[in-house]
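K.L.:
The structure that follows is given in the form of structure tokens.
The values are calculated or read from the model by the stated rules, or taken from the named source; none is laboratory data. The model shown is predicted, which means the values in this text are computed figures rather than measured ones. In this analysis, Cβ positions are derived from the backbone assuming ideal geometry, glycine residues included, and neighbour counts consider all displayed protein chains. These accessible areas exclude ligands, DNA and RNA; they are computed on the full protein's heavy atoms, side chains included. Shrake-Rupley method; radii C 1.70, N 1.55, O 1.52, S 1.80 Å.
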Amino acid sequence: MQKILVARPIFPDVIDRLKQYFDVDWNNGDVLSAEELARRLADKDGALTAGDPVGASTLAAAPRLRVVANMAVGYNNFDMAAFNRANVLGTNTPDVLNESTADFGWALMMAAARRVTESEHWLRAGHWQKWNYDSFLGGDVYGSTLGVIGMGRIGQALARRARGFNMKVIYHNRTRVAEQIETELNAQYVSKEDLLGRADHVVLVLPYTKDSHHTIGAAELALMKPTATLTNIARGGIVDDAALVEALRAKRIAAAGLDVYEGEPNLNPDLLTVPNVVLTPHIASATEATRRAMANLAADNLIAALGAGPRAGQPPNPINPEVLGKART
Ligand code: GLV
């Protein structure tokens with residue numbers, strides 16, 4: 001029987017599914033250190049990860065490893081150049097999380113714009129004595145301009161929801177999306193600078209790569225309207241968190257919503273001291289149905305890539321399909 005490592009706690013019934021095909025080593029505990037991950041992979045044919053870094057040294061320590069299935073759509077934790085050199089397949093879990101993640105982008109954007117968590121903290125602290133005409137004044141979402149940076153599947157799901165809020169949608173992306181999609185979303189392609197200057201609510205939904213590192217830093221924040229909000233549901237590192245803290249403190253922008261952070265789960269401690277930011281712990285895809293779908297899709301990829309199950313040899317979501325069928329190096 002082939003051996004696999006499931007590097008994280010996941011739904012036990014997905015483990016049971018995997019056990020039908022494989023000898024499963026399940027880390028149902030704390031996150032594995034790089035050394036521990038490499039040690040547990042030494043005799044494995046496949047692995048299921050969720051954000052665990054896998055690069056050249058990990059692959060070198062795992063000579064039998066042929067596939068790593070990430071339970072996430074983003075795979076910036078994989079060094080794909082190293083995967084390609086070693087002929088190891090990486091897979092991810094696109095699509096199944098689009099709608100839940102787009103919903104959550106809206107939740108954060110609206111919470112930031114309307115100061116939901118800030119006012120709740122104030123209420124819980126016992127400060128509410130009377131109604132005030134100017135308590136927690138925020139910015140409108142209905143009828144405003146939404147700026148989406150990263151118009152992929154999730155960005156499009158997010159923009160589709162803007163119609164019900166009568167919003168103007170502008171977007172920036174590495175490449176312009178098909179005209180048919182622009183028409184459907186009533187979305188206008190603009191430069192990043194133009195978007196930052198015009199949007200009332202900026203939402204980041206782009207992948208994290210070396211090119212997207214600090215897409216939003218001090219210079220970009222300076223272009224935004226003082227009434228604008230910034231929401232990041234993409235990846236930490238896309239925003240310069242220290243520059244954001246400064247901008248929020250100085251009211252250079254009105255508010256922010258963050259689900260992801262540089263260095264998470266550790267975050268810039270200054271963020272915790274700033275009232276006009278909504279902070280959540282990387283949960284944009286976290287609904288019961290979606291996290292189940294992601295876990296099952298990661299399992300489908302692993303099973304198929306290791307030549308088992310109904311799709312043997314044809315994993316649904318290969319990131320580097322060019323290595324399929326090539327001998328491990
Ligand atoms: C979550 O962040 C994902 O990439 O799926």
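K.L.:
Kindly provide the set of residues from the stretch 292-320 that are in a helix (DSSP H, G or I) and in contact (Cβ under 8 Å) with a residue 24 or more places away in the chain, ordered by number.
P.N.:
Correct list: Arg292, Ala293, Met294, Ala295, Asn296, Leu297, Ala298, Ala299, Asn301, Leu302, Ile303, Ala305.
K.L.:
List pairs: first in the stretch 191-206 and within 8 Å of Ile149 (Cα to Cα), second open to solvent by 40 Å² or more (accessible area, probe 1.4 Å) and at pLDDT 95 or above, Cβ under 6 Å, 6+ apart or cross-chain?
P.N.:
As it stands, the answer is Lys192/His172, since those pairs meet every condition given.
K.L.:
Continuing with this model, one more query. Of everything in the stretch 221-254, what is assigned to a loop (DSSP other than H, G, I, E, B), surrounded by fewer than 19 Cβ atoms within 10 Å (Cβ to Cβ) and free of Cβ contacts under 8 Å to residues at least 40 places away in the same chain? Give them in sequence order.
P.N.:
Selection gives Lys225, Pro226, Ala250, Lys251, Arg252.
K.L.:
Here is a follow-up. Condition first: in a loop (DSSP other than H, G, I, E, B), more than 16 Å from the ligand (Cβ to nearest atom) and on the phi > 0 side of the Ramachandran plot. Can you find one or more residues in the stretch 272-289 that meet it?
P.N.:
no
K.L.:
Moving to a separate point now. Give me the residue from the stretch 272-290 that is among the polar types (S, T, N, Q) and either buried (at least 16 other Cβ atoms within 10 Å of the Cβ) or outside the structural domain of Gly236 (by TED's automatic domain parsing) (or both) and, out of that set, nearest to the chain's Cα centre (by Cα).
P.N.:
Ranking the candidates gives Ser285 first.
K.L.:
What are the residues in the stretch 1-47 that are in contact with a helix residue (DSSP H, G or I) (Cβ under 8 Å, 6 or more places away or on another chain), in a loop (DSSP other than H, G, I, E, B) and among the β-branched types (Val, Ile, Thr), if any?
P.N.:
Ile10
K.L.:
Would you check if there is a residue in the stretch 68-83 being more than 26 Å from Tyr208 (Cβ to Cβ) and crowded, with 22+ Cβ neighbours inside 10 Å?
P.N.:
No, that holds for no residue.
K.L.:
Answer yes or no: is there a residue in the stretch 87-100 that is open to solvent by 10 Å² or more (accessible area, probe 1.4 Å), in a loop (DSSP other than H, G, I, E, B), more than 16 Å from the ligand (Cβ to nearest atom) and touching a residue at least 40 places away in the same chain (Cβ under 8 Å).
P.N.:
Checked against the condition, which is being open to solvent by 10 Å² or more (accessible area, probe 1.4 Å), in a loop (DSSP other than H, G, I, E, B), more than 16 Å from the ligand (Cβ to nearest atom) and touching a residue at least 40 places away in the same chain (Cβ under 8 Å), the stretch 87-100 yields at least one hit.
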